[in-house]
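For reference, the structure is listed below as structure tokens.
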Amino acid sequence: MQGRAALGRISPTRAVLRWVGGKPARVVAFGFALAIIVGTVLLMLPVASEDGTVTDWVTALFTSTSSICVTGLIVVDTPGHWSTFGELVILGLIQVGGFGIMTFASLLGVLVTRRLGMRMQRSAATETKTSVLGDVRRVVLGVIAVSLIMETLTALALTARLAAGYEIPLGQATYLGVFHAVSAFNNAGFALYSDSLIGFATDPWICVPIVVAFVLGGLGFPVLFELARHARRQQRRWSLHIRITLGAYAALAVVGVIAVIGIEWTNPATLGQYDPIGKLVAGAFQGLTPRTAGFNTLDVGAMQPASLLVTDVLMFIGGGSAGTAGGIKVTTFALLAFVMLAEVRGEPNVHVLGRKLPREVYRQALTVVLSGVGLVWLATMTLLLITPFKLDDVLFEATSAFGTVGLSTGITGDLSQAGQLILVVLMFVGRLGPITFASALALRERGKRYDLPEERPIVG
């Protein structure tokens, strides 16, 4: 009786903490949900809006979710609606979201490796020349150090260009440089210009630093950390993860750039208005930004349907694991490509760059991909039913939200509140889902003491 009475006296806060502490995925989801709520409250304050009025809760919730999930979709014009205080809140949410994603993803990776057998741990340690058990303090400090260094360098480059090339006062140029640097490295896509970066479409001194920032942020902390070890010559052999990530990322980047430039070259509403050099600069940026950066140098709504479809695919795939990019991740996509190649060749096992791929890994990859496809399909179908927009626009919007990209054909602000709330859910699940879902699948791996009789159905 005393035990039951004690249970009855547990405070709601302690009950929530006890429930959250049971599963790593719950910790991640609860932490980001709490940050979104705090951001929503702050953005609803009169001081957060330009005209001093209270912003409605759906707009505040959407903006807070988009900031924390480093997406970049907006329902109101960022520089027009939000005051300096509101912009700083958005900037803070982006930074918290970027830190949180990289840190949580890296620490979940450490947790997954701890569930591996000792022999597997030693093998991984030998290959990567580091302890797979990890050092939580080292991971967190590494994420913070890498983020601040890259954001600072990008901010300096942007500030110098804005001040010298556009004659913007140094104070304002610094503010703009810092905001866009943080937004770029965290793949957030928020801009303090109503047309995003279209005004700088042909300026490589603006475009290149932003591209470098969002590419490095999108590659993922494990890749950056391993690159740093190689630079210090602490590790000679490349791990399988970095080889897959860099190879797949580069291949998809080339495909995206060539596709956008080739399709949009003569489109007078996009690349057709620029000279050849300007077309290459603007087209390259637009081909790389679906890696979930979210900035745009072309009017997305004026792009050809073929370009939108290519962008849909690239947004769905996303960037590297344990980074600021979203999507199903390039490693997941590449692993399934190797699985298909092995099946076409009739090979019993899947080999990736001189390594045998465990069956549970490509089962997990297949589960993540099909779950993402199902989620985007469900959201797209629902939006088609409740909005008047056509399939191209709705599919693009849903894929952008799931991949936490932030690109839009311009329909986000015209969606009903129900449609905007669907995108809120899609951004939240799309941001945290692939990380926590993949980790949960790995942590649930366990053997069975029996198996069932085998029978093969007809495929195809």
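The values are calculated or read from the model by the stated rules, or taken from the named source; none is laboratory data. Quick caveat, the model's predicted, so the values are computed rather than measured. All Cβ positions, even for glycine, are placed from backbone atoms using ideal geometry, and neighbour counts span all protein chains on display. The protein model used for the area step is the full one, side chains on, heavy atoms only, and it has no ligands, DNA or RNA in it. Shrake-Rupley method; radii C 1.70, N 1.55, O 1.52, S 1.80 Å.
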Aspartates and glutamates with Cα under 19 Å of K356, excluding same-chain neighbours fewer than 8 positions away: E127, E343, E347, E445
Radius 11 Å from Cβ of A201, net charge of other residues (Lys, Arg +1; Asp, Glu -1): -2
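If r is the Cβ-Cβ distance from A231 to W205 and R0 is 35 Å, what FRET efficiency results, to the nearest 0.05? Mind dumping the intermediate values first?
Working: r = 26 Å, r/R0 = 0.74.
Computed FRET efficiency for A231 and W205: 0.85.
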Positive minus negative residues near K329 (Lys, Arg vs Asp, Glu; Cβ under 13 Å): +2
Spin-label model distance (nm) - V373 vs V344, 7 Å beyond Cα toward Cβ: 1.7
Sequence ranges 207-216, 355-364, ranked by mean other-Cβ count within 10 angstrom, highest first: 207-216, 355-364
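Show me the ranking of peptides 293-304, 319-330, 194-205 by mean Cβ neighbours inside 10 Å, starting with the highest. Could the numbers behind the result be given before it?
Working: 293-304: 23.3, 319-330: 28.7, 194-205: 18.3.
Descending packing order for the listed peptides: 319-330, 293-304, 194-205.
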Net charge contributed by nearby residues that have their C-beta within less than 10 Å of G320 (K/R +1, D/E -1): +2
Accessible surface of segment 30-88 [probe 1.4 Å, protein heavy atoms]: carbon and sulfur percent: 76
Whole-angstrom gap from segment 154-170 to segment 314-328, using each part's C-alpha centre: 30
Highest-first arrangement of 221-230, 396-405, where packing means the average Cβ count within 10 Å: 396-405, 221-230
Gained length - F85 relative to Y166, 0.36 nm times residue gap less alpha-carbon distance: 26.7 nm
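Hey, any idea what % of segment 192-327's accessible area is carbon plus sulfur with a 1.4 Å probe? Each step should come with its number before you reach the end.
Values: 3420 of 5060 Å².
Here it works out to 67 percent.
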